[in-house]
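Here is the structure we will look at.
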Number of protein chains: 2
Amino acid sequence: MLLVQKYGGTSVGDLERIQNVAKRVLESKKPHDKVVVVVSAMSGETDKLLGYALHFDPLPDPREVDMILSSGERVTSALLAIALQTMGARAISLSGRNAGIYTDANHTKAHIEHIDTTRIHALLDDGFIVIVAGFQGVDSKGDVTTLGRGGSDLSAVALAGALRADLCEIYTDVEGVFTTDPRIEPRAKKIDRISYDEMLELASMGAKVLLNRSVELAKKLGVDLITRSTFSKDPGTLITKEENIMEQPIISGIALDKNQARVSMVGVEDKPGIASEIFGKLAEANISVDMIVQTNGYDGKTDLDFTIPKTELELAKNVLANFQNSVEKIDYDSNSAKVSIVGVGMKSHTGVASKVFGTLAKEHINIMMISTSEIKISLLIDIKYAELAIRSLHHVFELDS
Amino acid sequence: MLLVQKYGGTSVGDLERIQNVAKRVLESKKPHDKVVVVVSAMSGETDKLLGYALHFDPLPDPREVDMILSSGERVTSALLAIALQTMGARAISLSGRNAGIYTDANHTKAHIEHIDTTRIHALLDDGFIVIVAGFQGVDSKGDVTTLGRGGSDLSAVALAGALRADLCEIYTDVEGVFTTDPRIEPRAKKIDRISYDEMLELASMGAKVLLNRSVELAKKLGVDLITRSTFSKDPGTLITKEENIMEQPIISGIALDKNQARVSMVGVEDKPGIASEIFGKLAEANISVDMIVQTNGYDGKTDLDFTIPKTELELAKNVLANFQNSVEKIDYDSNSAKVSIVGVGMKSHTGVASKVFGTLAKEHINIMMISTSEIKISLLIDIKYAELAIRSLHHVFELDS
């Protein structure tokens, strides 16, 4: 078996924890397994280093930021190598560059272009446990780059793909992906297996175990991903191809996103291109629009409803002020929340939507907006009913059994 | 002018100080000057990082230690680059590798093998101030190495040599090289110019401004070195070729070394090879022997006196226990100190030695051992007279005028 394991910032948060990770690596490794371990910076370290840079400049040179930030993972990787050596293992740390991770020159948000695995393969063949500093690579000029948020996960997935690893395990401080947020529904269950697409829908909805970039890359490279906890023995959640999941439940999980504000543009002039102009301006301002519903109004006018992140509401108000003369009224509502029901089983089962509507109707929960995909139904509802909606749906779809 | 400046750990000890260094760099630079700045890690950082490694292993893998330690200078270099940019300068940080510093693979004490200056020259031509992370390079495998104690000074001197810089300025927290330790003799004066050889003699005696490795390298490469303070405007001390110093005083400075213990081996069998065997065993144990005096005793036996660092006294006792049967008696004395009078002017002036002896005799200071070189007279005396001896000699040789 060739395993790639990735340990996040809290897993390597202090020297004790690094020691525990070393133990964990050795425990999980069978004699002939080859193991590559990707590590993050010790938790807090990246923020501390970034704070130094921001002390001088609120918008510091991204190239210099990368030089600074990349040091955190280098330190952790070497400390873990030393910890493993004291336990009698052969271990060696590699920087992103040493590991052959080549990226474009987009500092602080670089993309991996290719990985030269020559050195890692040689070290694995020599019996080394190879520790790779996550989150970083090197561009064609030889300058260090970083991969942005969730970058160490990306390093791990990309390495697993390039090395044709059997498995890529992402260790965090949670046990895996749950049917819904256990803080809302204590009967939420850990999911054993889930498809990439379901995971993508759940993750973008707020199940913050893995960022979508990593899941998308795993899907593209066909890497079997496991997300599990450093602090427990639970085998975690396997994220894999749909065809690898035997017994497909209709619904895999329910996600909640409280960061959705609704914008209602009432009486928009129904002339060609007006919607495209509105969404164009929002995109220019880097505001991501999620759900969109257009309905016919009266007098040849239309109503346009859509959601944006609450954190971008003030910015959106400024942008949309330009359209004040083309509409009768713009309403903003930040008392909304998006509930998403996700499951590949939906494709082959009719009646999911009606079951969802029936459940919410019974609880007198009004649905403000709906959007659907092949494997997902998203509903915008009043935020005060969000928990109730989730618990009801969780029960109706038997996710707690 | 092409300048190389090096700022040590206390000079970049915190964010405020890094800001001050940025100002200092810009102030010292004339419009068409090209400047390369070498920086150390923020003071305390290297010890902190080393402490992490030692937490796991009292003798951590040197390769891993280098991966850890090298991160400190990387951070400082990028922070200084950002600070300079906020002041409107073009600045860029380079790791040791980026700067083309290639070393052997002797981790934690690597030697620079060659420097590829292509990138630095290109950046300087483009008007960049180039900030280089000191103390580090890269070996032929592509692994980061560090240069050992005083490594950032070495980086600066080596870069100055490779770039054919006009000057290499080493900024520390002292104003330069003094005629003697000002804490002993308040009338000690800063020396304006001193030759490489004098500096080597003074430095090895305890004038801890620059380590000998750096001075030796500067001498070899013909680099004009200035040591000066980050915290004052004083022009510092120029360390240069002997022929660049016009008015040569007879004596340049007086150094004190309190870390000398005397070993007296009385009645050593006078058979061939015994001295070589003794010093061979000491060398094997990594004990450095400094002054050596051999005198004829009686009965065809000899007395052998030498000095070793006090910190290695216990180790030396163990080694010398093997010779107990070949000698009558071994005495150890750690109440001694070495005073060294240094000056290239000695070569052309007779009477320096007799003036030294006369001065000490007048103060009733007994000389236990003497060793001399072309430009130095060293005396081992009772440690309690060390300060008195230095003040008297400082006055007699008119170093205070």
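Taking each residue as 0.36 nm, the span from A:His121 to A:Glu16 lengthens on full extension beyond its C-alpha to C-alpha distance by 34.8 nm.
Here A:Lys190 yields copy-to-copy label distances, from shortest upward, of 6.6 nm, the label point defined as 7 Å from Cα along Cα to C-beta.
Computed about the Cα centre, the dipole magnitude for the range A:163-308 is approximately 400 debye when only Lys and Arg (+1) and Asp and Glu (-1) carry charge, each at its Cβ. 3J(HN,Hα) along the range A:342-349: 10, x, 5, x, 3, 4, 9, 10 Hz, from the Karplus curve 6.51 cos²θ - 1.76 cosθ + 1.60 with θ = phi - 60°, whole Hz, x for Gly and Pro. Its DSSP H runs of at least 4 residues, each contributing -39,500 (n - 2.57), put the calculated 222 nm mean residue ellipticity of the protein assembly as shown at -10000 deg cm²/dmol, to the nearest 500. Counting DSSP beta bridges in the range B:1-143, what percent are antiparallel, to the nearest 5? So the antiparallel bridges amount to about 15 percent of the total. Applying a DSSP loop filter and a limit of 15 other Cβ atoms within 10 Å to the GluC sites (Glu not before Pro) in the range A:313-374 leaves A:Glu328, A:Glu363, A:Glu374. In this Cβ point-charge picture (+1 for Lys and Arg, -1 for Asp and Glu), chain B has a dipole of about 880 debye about its Cα centre. Taking A:Pro272, A:Pro309, A:Pro182 as the candidate residues, the one with maximal mean-square fluctuation in a Gaussian network model of chain A, Cα springs under 10 Å, is A:Pro272.
Annotation for A:Gln294, label-to-label distances across the other copies: 10.2 nm (shortest first, one decimal, point 7 Å from Cα along Cα→Cβ). For the segment B:87-94, counting C-beta atoms of other chains within 10 Å of every residue's C-beta and taking the mean gives 2. Near A:Val37, the amide H atoms lying under 5 Å from its own belong to A:Gln5, A:Val130, A:Ile131, A:Val132; only residues 5 or more places off or on other chains count, and H is placed 1.01 Å from N. Can you give the relative contact order of the range B:150-190 as a percent, counting alpha carbon pairs under 8 Å and 6+ residues apart? Normalised by residue count, the contact order of the range B:150-190 is 25 percent. Of the trypsin sites (Lys or Arg not before Pro) found in the range B:250-299, those that fall in a DSSP loop while having at most 15 other beta-carbon atoms within 10 Å are B:Lys258.
Taking the Cα centre of the protein assembly as shown as reference, the dipole from Cβ charges on Lys and Arg (+1) and Asp and Glu (-1) amounts to some 260 debye. Eigen-decomposition of the gyration tensor built on the alpha-carbon atoms of the range A:259-390 gives equivalent ellipsoid semi-axes of 28, 16, 15 angstrom, largest listed first.
Phi angles across the range A:33-41 convert, under the Karplus curve 6.51 cos²θ - 1.76 cosθ + 1.60 with θ = phi - 60°, into 3J(HN,Hα) values of 5, 9, 10, 10, 10, 9, 10, 8, 6 Hz, Gly and Pro given as x.
Sorting B:Ser93, B:Ser392 from the fewest to the most surrounding beta carbons within 10 angstrom yields B:Ser392, B:Ser93. Per residue of peptide A:7-16, the mean number of Cβ atoms on other chains within 10 Å of the residue Cβ is 1. The GNM of chain A, with springs linking C-alpha atoms under 10 angstrom apart, assigns the highest mean-square fluctuation among A:Lys189, A:Lys355, A:Lys141 to A:Lys141.
Rounded to the nearest 10 degrees, the inclination of helix B:151-162 to the longest alpha-carbon principal axis of chain B is 70 degrees.
Under a 5 Å amide H cut-off, with hydrogens placed 1.01 Å from N, B:Arg193 pairs with B:Leu238 among residues at least 5 apart or on other chains. Comparing B:Asp290, B:Asp66, B:Asp257 in a Gaussian network model of chain B, where Cα atoms under 10 Å apart are tied by springs, the biggest mean-square fluctuation is seen for B:Asp290. Distance from the axis that maps chain A onto chain B is least for the Cβ of the chain A residue given, with the whole Å value, as A:Ser71, 2. Between copies, the label points of A:Pro235, set 7 Å from Cα on the Cα→Cβ line, lie 7.8 nm apart, reported in increasing order to one decimal in nanometres.
With the charge dipole of the range A:92-246 set up from +1 on Lys and Arg Cβ and -1 on Asp and Glu Cβ about the Cα centre, the Cα lying farthest toward the positive end among the listed residues A:Gly150, A:Ile120, A:Ser214 is that of A:Gly150. The long axis of helix B:62-86 is offset from the longest Cα principal axis of chain B by roughly 50 degrees.
A crude spin-label estimate for the pair A:His111 and A:Ser28, with each label 7 Å from Cα along the Cβ direction, gives 2.9 nm. Residue by residue along B:141-149, Cβ atoms of other protein chains within 10 Å of the local Cβ number 2 on average. For chain B, the longest principal axis of the alpha carbon atoms and the long axis of helix B:212-221 meet at an angle near 70°. Between the range B:90-161 and the range B:382-401, the alpha-carbon centres lie 42 Å apart.
The ranking of B:Arg63, A:Arg119, B:Arg164, B:Arg74 from fewest to most other beta carbons within 10 Å of each one's beta carbon is B:Arg164, A:Arg119, B:Arg63, B:Arg74. Relative contact order for the range B:59-186: 24 percent, from Cα pairs under 8 Å spaced at least 6 residues apart, divided by residue count. In terms of surrounding Cβ atoms within a 10 Å radius of their Cβ, B:Leu202, A:Leu282 rank from fewest to most as A:Leu282, B:Leu202.
A short reminder: the numbers here are calculations on the coordinates, not readings from a lab. Computed from a predicted structure; not experimentally measured. With ideal geometry, Cβ positions are generated from the backbone for all residues, glycine too; neighbour counts draw on all protein chains shown.
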